[in-house]
Amino acid sequence: MRLLITGVCGFVGSAIAEALLERRAGLEICGIDNLQRPGSEFNRIRLARLGIRVVHGDIRSASDCEALPPAAWVIDAAANASVLAGVAGNGTSRQLFEHNLASLGNVLEYAKRHRAGLVLLSSSRVYSIAALASLPLHVSGDAFALDASATLPAGVSEHGIGAAFSTAPPISLYGSTKLAGEILALEYGAAFDFPVWIDRCGVLAGAGQFGTPDQGIFSYWVNAHLRRRRLRYIGFGGSGHQVRDAFHPRDLAALVEAQVSSGRAGGRRLYVAGGGPANALSLAQLNAWCDARFGAHAPEPDTRDRPYDIPWMVMDSRDAAADFAWAPRIGMRELLEGIAVHAENHPDWLERSGL
């Protein structure tokens, strides 16, 4: 079987490609990437050594997509994945639209033409910022925690945020492109009779991720702490209590493989995937882990609030567990240790990441 992976030279695309090759005998992978992100050229070389054909092209270009070979499935891992994209100097709003939504139209036309299935990697940032900001929280240790004794809105529990949680705007320009992409993909699949799976992913992290403050926060924080770069707790009183969960794209690859291998035509098509409560940390807890690993380095408090920041986001992956027996296998401590070892072995990693 041949798979096509868009954004194959990114951290997520390349890690999924490598993991799927290990998991599935006889698999052929072709990928496309515009190599725009700093550091992506290093992944291109690594993938080529694994026998993966990497096409230097841009899915924003219909002609580049039309030149790709037929595949049985497409895994769409290409995106501008920063929640600040289009509003904070990280490209323009038009570029965000072209990268995340217009390009998806070309991918869907490819799937329609070749009758290929599609696995669309979406984002936890499709959820309503106002609804997330109003969740009942309290401080427990050095982290915000959900007050499970309060009346909770639909789609949230002590297990985290599920697919039914509010997606009412505003959700950010970035989040809106991902939410619109989910709808468009499902409509194409229904209209032209090809299978579509959507994985609404939480934070993906691991060794080799290109870390910046707005994208790849776990990798960025570990690398910056090791090198004694300036770190800040922004917003929420400058406490560092804001919480996110994380999981490794190798674990995501296991879910993707299960979906690609499923012959199920109907039923649920959208799944939440994340590290869950066991893989959740606040920034303060992350910094404490780094202090123990590298020696003390104190972030600066910055009490400014930013419009897209949220206090707590943990993903509820129970639907994926029920339907595909899926759960992340790489724990947070193992994930962080992998990033730390990689950071020690690559002293120029922040520069390779574009910083």
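Okay, here's what the table says:
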| read-out | value |
| --- | --- |
| Sequence of I198, I183 when ordered by accessible area, the most exposed leading, probe 1.4 angstrom | I183, I198 |
| Accessible surface ranking that places the most exposed of Y127, Y220 first, with a 1.4 angstrom probe | Y220, Y127 |
| Distance between the range 242-256 and the range 197-240 - C-alpha centres, whole angstrom | 14 Å |
| Residues listed by number, the range 208-234, amide nitrogen under 17 Å from V139 label point at 7 Å toward C-beta | 233-234 |
| Whole-percent carbon and sulfur share, accessible surface of the range 184-285, 1.4 Å | 54 percent |
| Coil-residue trypsin sites (Lys or Arg not before Pro) of the range 81-153, DSSP, other Cβ within 10 Å capped at 14 | R115 |
| Nearest 10 degrees, 0 to 90: helix 173-192 Cα axis against the chain principal axis | 30 degrees |
| Environment charge at A116 (Cβ cut-off 15 Å; Lys +1, Arg +1, Asp -1, Glu -1) | -1 |
| Degrees separating the helix 249-261 axis from the principal Cα axis of the chain, which is the longest one | 30 degrees |
| Y233 long-range amide H proximity, modeled H, under 5 Å | E300, D302 |
| Net lengthening on full extension, R49/Q95 (0.36 nm per residue, minus Cα-Cα) | 13.4 nm |
| The range 101-242 - Rg and Dmax from Cα coordinates, angstrom | 18.5, 54 |
| Solvent-accessible surface ranking, highest first, for H297, H56, H159 at 1.4 angstrom | H56, H159, H297 |
| Under-5 Å amide H pairs with I29, H placed in peptide plane, nonlocal only | L3, R53 |
| Accessible surface, the range 1-156, averaged per residue in Å² (probe 1.4 Å) | 42 Å² |
| The range 15-57: Cα Rg divided by the 2.2 N^0.38 Å rule of thumb | 1.14 |
| Point-to-point label distance, T167-A190, nm (Cα→Cβ direction, 7 Å offset) | 1.2 nm |
| Between 0 and 90°, nearest 10: helix 217-226 axis offset from the chain longest Cα axis | 50 degrees |
| The range 1-35 and the range 290-355: distance between their alpha carbon centers, rounded to Å | 23 Å |
| Value of D in µm² per second that Stokes-Einstein yields for the range 173-269, Kirkwood Rh from Cα pairs, at 20 °C (1.002 mPa s) | 130 µm²/s |
| Computed label-point distance, nm, for sites L355 and R113 using a 7 Å Cα→Cβ extension | 4.0 nm |
| Relative contact order for the chain, counting Cα pairs under 8 Å that sit 6 or more residues apart, in percent | 19 percent |
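The values are calculated or read from the model by the stated rules, or taken from the named source; none is laboratory data. In this text the structure is predicted, and so the values were computed from the model without any measurement. Neighbour counts are summed over all protein chains in view; Cβ atoms, including those assigned to glycine, are modelled from backbone coordinates with ideal geometry. Heads up: the accessible areas ignore ligands, DNA and RNA and are worked out on the full protein's heavy atoms, side chains in. Shrake-Rupley method; radii C 1.70, N 1.55, O 1.52, S 1.80 Å.
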